[in-house]
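Have a look at the structure below before the remarks.
The values are calculated or read from the model by the stated rules, or taken from the named source; none is laboratory data. Worth saying up front: this structure is predicted, and the values here are computed from it rather than measured. Using ideal geometry, Cβ is built from the backbone for each residue, glycine included, and neighbour counts are taken over all protein chains shown. SASA here: full protein model, heavy atoms, side chains in, ligands and nucleic acids out. Shrake-Rupley method; radii C 1.70, N 1.55, O 1.52, S 1.80 Å.
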Amino acid sequence: MSNPASPPAVGVLDQSAALTFPPGFLWGAATAAYQIEGAATEGGRTPSIWDTFSHTEGRTVAGHTGDVACDHYHRMPDDVRLMADLGLKSYRFSVSWPRVQPGGAGAVNSEGMDFYRRLVDELLGHGIEPWLTLYHWDLPQPLEDAGGWPARDTAGRFADYAQLVADALGDRVKYFTTFNEPWCSAFLGYGSGVHAPGRSDRADAVRAGHHLMLGHGLAVQALRAARPEAQLGITVNLYPVTPATDSPEDADAARRIDGLANRFFLDPVLRGAYPADLTADLRKVTDFGHVRDGDLAVISTPLDMVGVNYYSRHVVAAPVEGVEREAYWRSPSCWPGSEDVRFVTRGVPVTDMDWEIDAPGLVETLERVHRDYTDLPLYVTENGSAFVDAVVDGRVDDPDRLAYFDAHLRAAHAAISAGVPLKGYFAWSLMDNFEWAWGYTKRFGMVYVDYDSQVRIPKSSARWYADVIRRNGLAAH
């Protein structure tokens with residue numbers, strides 16, 4: 001496929017200037033429970049959909065599972081000391097639903113919740129702000145057996161779980177986000193099936209997306225009632241979507257993918273309505289009978305902040321005969337009703353995930369959310385890159401990842417300079433971990449993990465990030 005006629009800017013912004021971030025800017029790093037904790041059957045934890053999925057033959061690379069992962073469950077105090085050594089001001093982690101409420105119903109599992117109590121206490125003891133994500137894709141398996149996210153009841157169960165976590169941890173946790181990347185849960189989990197639970201049904205994917213947002217709204221209401229002082233939000237993965245050429249057909253392809261990737265979630269949460277063009281596109285998939293009176297009012301319950309996960313840009317083109325390669329988020333089944341849209345690769349630098357590196361796209365994304373949707377504080381809750389790393393003489397140098405972070409932090413600063421109320425940045429990820437269907441074959445961490453010995457080695461990007469935090473900004477090149 002040829003490059004776009006007028007390709008958007010890629011790569012890096014001005015690298016020459018020293019840049020200082022606003023006072024109080026929240027510097028952090030992020031992880032997720034199933035990706036790092038391990039201890040899959042300890043302390044009363046029961047299976048999640050990712051346990052079932054990863055133990056199903058052919059679902060993950062080399063049959064990798066999160067059974068042990070980074071063994072964070074046992075090594076948590078040491079990992080928090082590592083965060084402190086790096087100077088992190090905040091740590092974004094997720095709570096494992098089946099660890100604290102086995103089966104997704106009933107009373108709190110005290111032993112499981114105690115792990116998070118200890119984690120929060122360790123963080124606060126080292127001056128690190130806890131940033132709690134309620135759901136990072138680990139639905140309790142019994143709830144999936146009862147229908148999963150396509151079933152309306154799951155939204156109510158999620159709100160009950162949110163209440164339990166707020167009761168246990170809300171006296172010490174200020175920041176709560178409900179969901180991480182509901183697009184992935186809905187369209188990779190129930191559309192393409194490349195993520196747990198591995199189902200492939202277009203209508204189920206759309207229903208799942210709606211019920212995830214309904215669960216979000218119900219959880220925000222429960223959290224607000226329990227902890228009115230808490231800062232509440234959601235984390236969405238967003239992409240600038242660019243037409244491959246200036247043709248009307250490519251522009252319409254971009255509109256369609258933007259609807260599914262971005263507006264499907266932003267509009268209901270921040271505007272209280274689905275976009276009319278999106279619902280029209282999806283009429284061949286669903287009649288939206290799953291949307292009941294009052295749902296959108298619940299979904300748009302007011303928030304205190306919005307988290308944005310940013311990795312890359314989508315460049316798309318109008319349908320032609322045949323389909324380009326299917327690769328992860330480019331798989332047609334990720335895009336119900338728009339399966340025929342083509343994703344264009346432009347020949348620009350990519351990460352080990354084959355994701356194009358496009359730092360200016362972060363500015364574009366943040367400016368759009370602020371301009372078109374909200375004046376709320378924004379946080380970059382994930383941004384990072386996978387590259388092939390190697391230990392040489394006890395060190396891990398990762399210049400490509402360091403350059404990626406540098407470029408995207410310059411983009412974050414550019415967004416602030418343009419008036420975006422960006423209040424913090426969380427690098428993805430603190431450490432190498434279980435990268436979902438890719439298993440342990442992709443490394444996103446600033447800290448290298450030897451999965452055999454569980455030894456942690458801060459990479460050169462970690463030492464660089466520690467200096468960024470110390471100076472609250474970027475040095476001149």
Write down the accessible area per residue of the stretch 209-339 in Å², having rolled a 1.4 Å probe over the full set of protein chains. 34
Probe radius 1.4 Å, ligands and nucleic acids left out: which of 339, 42, 57 has the largest accessible area, and how do the rest follow? 57, 42, 339
The local net charge around residue 175, scoring Lys/Arg +1 and Asp/Glu -1 for residues other than residue 175 whose Cβ lies under 15 Å from its Cβ, equals +2
Accessible area expressed per residue, the stretch 346-411, with surrounding protein chains retained (probe 1.4 Å, Å²): 36
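Share of the chain's accessible area from carbon and sulfur, percent, 1.4 Å? Walk me through the numbers before you get to the answer.
Details: 8260 of 16190 Å².
Accessible surface attributable to carbon and sulfur in the chain totals 51 percent.
Pull up the DSSP beta bridges for the chain and report the antiparallel fraction as a percent, rounded to 5. Let's see the in-between values first.
Values: 10 of 46 bridges.
Roughly 20 percent of the DSSP beta bridges within the chain come out antiparallel.
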How high is the relative contact order of the chain? Use alpha-carbon pairs under 8 Å, at least six apart in sequence, and give a whole percent. 21
Local charge sum around residue 203 (other residues, Cβ-Cβ under 13 Å, Lys/Arg +1, Asp/Glu -1)? +2
With 5 Å bins from 0: P(r) over the stretch 185-231, alpha-carbon pairs, percent: 5, 25, 19, 14, 10, 11, 10, 5, 0
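Can you tell me the order of 141-153, 388-400 when each peptide is scored by its average per-residue count of other Cβ atoms within 10 angstrom, highest first? All intermediate terms of the calculation are to be shown ahead of the outcome.
Details: 141-153: 18.7, 388-400: 13.3.
Those peptides, ordered most packed to least, come out 141-153, 388-400.
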Once Lys and Arg are counted +1 and Asp and Glu -1 for all other residues with Cβ under 13 Å from that of residue 245, the total becomes -2
Show me the ranking of peptides 284-294, 172-182 by mean Cβ neighbours inside 10 Å, starting with the highest. 172-182, 284-294
Work out how much length residue 174 to residue 355 would gain on full extension: take 0.36 nm times their residue separation and subtract the Cα-Cα distance, in nm to one decimal. 61.8 nm
Mean residue ellipticity (222 nm) of the chain, computed from DSSP H runs ≥ 4 via -39,500 (n - 2.57), nearest 500: -10500 deg cm²/dmol
Ordering 304-316, 448-460 by per-residue average of other C-beta atoms within 10 angstrom, highest first, gives 304-316, 448-460
